[in-house]
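S.K.: Sharing a structure below in structure tokens format, with a few things to ask.
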Amino acid sequence: MTDARKKTSSATGATAAPPPAPSSAPALDEGLDARLVVERGSSFRLDVTLTAAPGDVVALLGPNGAGKTTALRALAGLVPLSDGGRMRLDGAELSRRPPESRPVGVVFQDYLLFPHLTALDNVAFGPRCHGASKAEARAQAAGWLERMGLATHAGSKPRRLSGGQAQRVALARALATRPRLLLLDEPLAALDARTRLDVRAQLRRHLADFEAVAVLVTHDPLDAMVLADRLVVIEDGRIVQEGTPSDIARRPRTDYIAHLVGLNLYRGEAEGHLVRIPDGPALTTADDLTGPVFVAFPPSAVTLHRGRPTGSSARNLWHCEVTGMEAHGDQIRASLAGELSLAVDLTTVAAAELDIHPGSEIWATVKASQTHAYPA
């Protein structure tokens, strides 16, 4: 982990229980070691191996139906593992343990706060279930709410809380039992865009202080990039790529991941600087490789011309048709098809000057220096 992601201990309030003493167990018996095998009839099989050391934050990404939420529920014990599955946490086998006896905290997408309880009593619920007296549990809960910046909302019921406040109460409730595994299911999905920005920054700080393993499921690549040390991408119940956010963003290996990080991606056969795409044109790249490769470049690297350009230094030139246009932040993203299918980003001024619209014929160029080729 980078220094920015190293975990540090922090107080949870004067009356809260002290953090557990450092374990003397060998490193291989610390953290998460799981193979999640779940079968749903003959239509779907999840088979995913996850390992993480204490202090790691792992994000599960993937399209709808890939198996992300199933994996999270299997970790929580809400879905039984099929033959071949295992779940070890800090060296203890948890596969057969019921959910309530696992040292696992869960923050659900809709938070699932008890509507009839105050924020304080929602957070105190976990310690009470673990044997703390009412006074002890409430004292610990008060410490967690103070840490979350919610001390003044201790007496509020969920209906009186904003989305961001409810999310922090749910996080405090999950952390109050001092879990060794924290699971977060789309933790920011219920928030509006402005609140999401603030809560994402707050959640990052809280996860940086968490000394055990955290696993989050999200559809939002920005949430994953900001919050996680490592990304695990799942498609059709299998891991298709995993690595650091920078590795994933720089070297996507499937169309889903390329779309997620905003890159045009192609697979082909390299002969030096030339990459031949099956049923498509050859691409010239700055990288000198041989054999199966991926080639990627951002939509912003593409330059459009109404007529075939002359005198251009770009080594890649394709004749295409505009098939779609949509707003993309403060720019326009155009979809092109023809000799090569690709996405292009351009300003509204450029779009107006080129007078492009769906159905327009266009020439697209990309310099070899703006492409990135890497082994497939």
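S.K.: Pull up region 122-139, narrow it to residues that are over 21 Å from residue 183 (Cα atoms) and not aliphatic (A, V, I, L, M), then point me to the one that is modelled with the lowest pLDDT.
M.R.: Taking the candidates together, the pick is 131.
S.K.: Which residue out of 259, 357, 319 is surrounded by fewer than 18 Cβ atoms within 10 Å (Cβ to Cβ) and within 31 Å of the chain's Cα centre (by Cα)?
M.R.: Among 259, 357, 319, only 259 is surrounded by fewer than 18 Cβ atoms within 10 Å (Cβ to Cβ) and within 31 Å of the chain's Cα centre (by Cα).
S.K.: Sticking with this one: Looking at the structure I just gave you, is residue 247 without any contact (Cβ under 8 Å) to a residue 24 or more places away in the chain and not hydrophobic (A, V, I, L, M, F, W, C)?
M.R.: yes
S.K.: Could you tell me how many of the residues in region 139-189 are surrounded by fewer than 16 Cβ atoms within 10 Å (Cβ to Cβ) and either assigned by TED's automatic domain parsing to the domain that holds residue 60 or not in a loop (DSSP other than H, G, I, E, B) (or both)?
M.R.: The total comes to 6.
S.K.: Further question on the same structure: Can you find a residue in region 195-209 that is assigned to a loop (DSSP other than H, G, I, E, B), under 19 Å from the mean Cα position of the chain (by Cα), crowded, with 19+ Cβ neighbours inside 10 Å and of a type in the set (D, E, K, R)?
M.R.: no
S.K.: Can you give me the number of residues within region 79-93 that are touching a helix residue (DSSP H, G or I) at 6+ places or on another chain (Cβ under 9 Å) and farther than 21 Å from residue 217 by Cα?
M.R.: 3
S.K.: Taking the condition of being in a strand (DSSP E or B) and within 10 Å of residue 366 (Cα to Cα), how many residues in region 289-309 meet it?
M.R.: 3
S.K.: While we're here: Look at residue 286 and say whether it is in contact (Cβ under 8 Å) with a residue 40 or more places away in the chain, surrounded by fewer than 16 Cβ atoms within 10 Å (Cβ to Cβ) and assigned to a strand (DSSP E or B).
M.R.: yes
S.K.: Any idea how many residues of region 326-352 are touching a His at 6+ places or on another chain (Cβ under 7 Å) and in contact (Cβ under 8 Å) with a residue 24 or more places away in the chain?
M.R.: Total satisfying the criteria: 2.
S.K.: Check region 320-330 and report whether any residue there is modelled with pLDDT of 90 or more, more than 18 Å from residue 282 (Cβ to Cβ) and in contact with a helix residue (DSSP H, G or I) (Cβ under 8 Å, 6 or more places away or on another chain).
M.R.: Yes - at least one qualifying residue is present in region 320-330.
S.K.: Moving on. What is the residue count in region 360-374 for residues that are under 36 Å from the mean Cα position of the chain (by Cα), not aliphatic (A, V, I, L, M) and not in a strand (DSSP E or B)?
M.R.: Selection size over region 360-374: 4.
S.K.: Which of the residues spanning region 41-73 are on the phi < 0 side of the Ramachandran plot and at pLDDT below 85?
M.R.: Hit for region 41-73 is 42, nothing else.
S.K.: Quick check on residue 270: is it small (Gly, Ala, Ser), outside the structural domain of residue 50 (by TED's automatic domain parsing), more than 22 Å from residue 55 (Cα to Cα) and surrounded by 18 or more Cβ atoms within 10 Å (Cβ to Cβ)?
M.R.: Taking the combined requirement at face value, the residue satisfies it.
S.K.: What number goes with the only condition from (1) more than 17 Å from residue 170 (Cβ to Cβ); (2) at pLDDT below 90; (3) touching a strand residue (DSSP E or B) at 6+ places or on another chain (Cβ under 7 Å) that residue 100 does not pass?
M.R.: (3)
The values are calculated or read from the model by the stated rules, or taken from the named source; none is laboratory data. All figures in this text were calculated on a predicted structure; none of them were measured in a lab. Don't worry about glycine lacking a Cβ; one is built from the backbone with ideal geometry, like all the others, and counts go over all protein chains shown.
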